1. Please list, ordered by first then second residue, the pairs with beta carbon atoms under 7 Å, 6 or more apart or interchain, first in the range 212-238 and crowded, with 16+ Cβ neighbours inside 10 Å, second aromatic (Phe, Trp, Tyr) and outside any helix (DSSP H, G or I).
2. Under the condition of being touching a helix residue (DSSP H, G or I) at 6+ places or on another chain (Cβ under 6 Å) and among the hydroxyl-bearing types (Ser, Thr, Tyr), which residue from the range 297-314 is modelled with the highest pLDDT?
3. What's the number of the only condition in (1) of a type outside the set (Val, Ile, Thr); (2) in contact with a Phe, Trp or Tyr (Cβ under 6 Å, 6 or more places away or on another chain); (3) modelled with pLDDT of 90 or more that Asn27 fails to meet?
4. Here's a check for you: in the range 61-110, which residue that is in contact with a Pro (Cβ under 6 Å, 6 or more places away or on another chain) and surrounded by 14 or more Cβ atoms within 10 Å (Cβ to Cβ) is farthest from Asp125 (Cα to Cα)?
5. Under 6 Å between Cβ atoms, at least 6 apart or on separate chains: pull out the pairs that start in the range 268-286 with a residue that is in contact (Cβ under 8 Å) with a residue 40 or more places away in the chain and end on any residue that is of a type outside the set (D, E, K, R).
6. Just the residues that are in contact with a helix residue (DSSP H, G or I) (Cβ under 7 Å, 6 or more places away or on another chain) and modelled with pLDDT under 85, please, taken from the range 262-285.
7. Condition check: out of contact with any strand residue (DSSP E or B) (no Cβ under 6 Å at 6 or more places or on another chain), over 30 Å from Val300 (Cα atoms) and either of a type in the set (Asp, Glu) or modelled with pLDDT of 85 or more (or both). Does Glu256 satisfy that?
Amino acid sequence: MGYGIPGTGKSMLIAAIATRLKEHCDNLEIPFLFHPMPDTLISTFQGGSAEKMVEWMKPMQDPAKLIFAPIDDAENNLQERTAQGVSAGVKEVIGVFLRYTEGAYAVNYGNSSIGLFTNLPEMLDKAVISRVQGRFKIDGARTEHDFLDQDYIWWNKLNQSLPDFVNMENPESYKYLSDQGLSKNMGEILNTSSKPSEARVHAICDKVEAKFKSNEHLFYANLYQEMQKAFPFFSSRDVRNIQSAISLRLTDFDLEESWFENPETYFKQDYDTKFNMLQEVMKGNMKGLDFSEIRRQEVVRYLDNVATIADTDFKRKVDARVNQINIETAARKTFENGI
């Protein structure tokens, strides 16, 4: 799941992922299916939405293809079922989604990936969110240098066409685009802090750390137990998701481009040779970190994410109420002054 405020590139990222996958599959002669969720999924007829959702989910059980199935604006079709005014069609879609992903008769060959992209992750159904194994925030420009670079990409095109046309001073201490670039793994992108940023998660970590060291297995068992007390929806599936995130972090590295250009180098080698080659790349990708350090970073990141999503809806309601009170106060003053 990729989430963030509007206008930060979520839809663009869908196209970029699909393009990269298609290129790799073409090089390796693997069939590829780009399978976005259609906008016309919700039906006004009873049972119609479930029928359309089954049709959309079934191709993802095909073991002969590599499949990328993005759901843009996921909150539209996977909204929290208990929220007021949610249509029967949305409930049907979610029911099918849950059964076909990790339900009793789900078939998962491991060759398909569903990507949820949303501006409002707190509006997604809790059971749907619990099935999300990888979560990342798509923030767009955030720092002074980010905004400098975004402007630079725009006005530099004018400057190339009309030299000296942009008659403005450049920053003295920053070289354009030096803070941007392609990352080789998630560790370079993610906040790798070992301390939580959310206050409630920070307090829980401090409480557990007072009894256990973070390199003890008991630390995490007690941490998860305390999280469940503070966030009742936190379950064994969340723990599984954390484990998947750690495994993904360990194996998240770019394969050599030459391996795709010449499949004989890696892809057409025997299993043991490929396994040994991947082990070497994985160890180099850890950049000196050991398992316990990576585990703590991923646990903290996931728990912060849980707290952020849980608190966002409440904060939005509080902000809306504060804004309404300010409007009423200003209106009262205007009315009294008018009299």
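1. Here the result reads Phe219/Phe212; Asn222/Phe212; Met227/Phe234, each pair linking the range 212-238 to a residue that is aromatic (Phe, Trp, Tyr) and outside any helix (DSSP H, G or I).
2. Applying the filter and picking the extreme gives Tyr302.
3. With (1) of a type outside the set (Val, Ile, Thr); (2) in contact with a Phe, Trp or Tyr (Cβ under 6 Å, 6 or more places away or on another chain); (3) modelled with pLDDT of 90 or more applied to Asn27, the lone miss is (3).
4. Lys65
5. As it stands, the answer is Asn285/Asn185; Asn285/Phe253, since those pairs meet every condition given.
6. Step one: of the range 262-285, the residues in contact with a helix residue (DSSP H, G or I) (Cβ under 7 Å, 6 or more places away or on another chain) are 263, 265-267, 282.
The answer is Met282, and nothing else.
7. Details: out of contact with any strand residue (DSSP E or B) (no Cβ under 6 Å at 6 or more places or on another chain): yes; over 30 Å from Val300 (Cα atoms): yes; either of a type in the set (Asp, Glu) or modelled with pLDDT of 85 or more (or both): yes.
Yes.
Yes/no per residue for (1) farther than 30 Å from Gly140 by Cβ; (2) without any contact (Cβ under 8 Å) to a residue 12 or more places away in the chain:
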{"residue": "Ile5", "(1), (2)": "no, no"}
{"residue": "Ile14", "(1), (2)": "no, no"}
{"residue": "Ala18", "(1), (2)": "no, no"}
{"residue": "Asp26", "(1), (2)": "yes, yes"}
{"residue": "Phe34", "(1), (2)": "no, no"}
{"residue": "Gly48", "(1), (2)": "yes, no"}
{"residue": "Met53", "(1), (2)": "yes, no"}
{"residue": "Leu66", "(1), (2)": "no, no"}
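The values are calculated or read from the model by the stated rules, or taken from the named source; none is laboratory data. Bear in mind that the values here come from a model prediction, so they are computed numbers and not experimental data. So basically every Cβ, Gly included, is an ideal-geometry build from the backbone, and we count neighbours across all protein chains shown.
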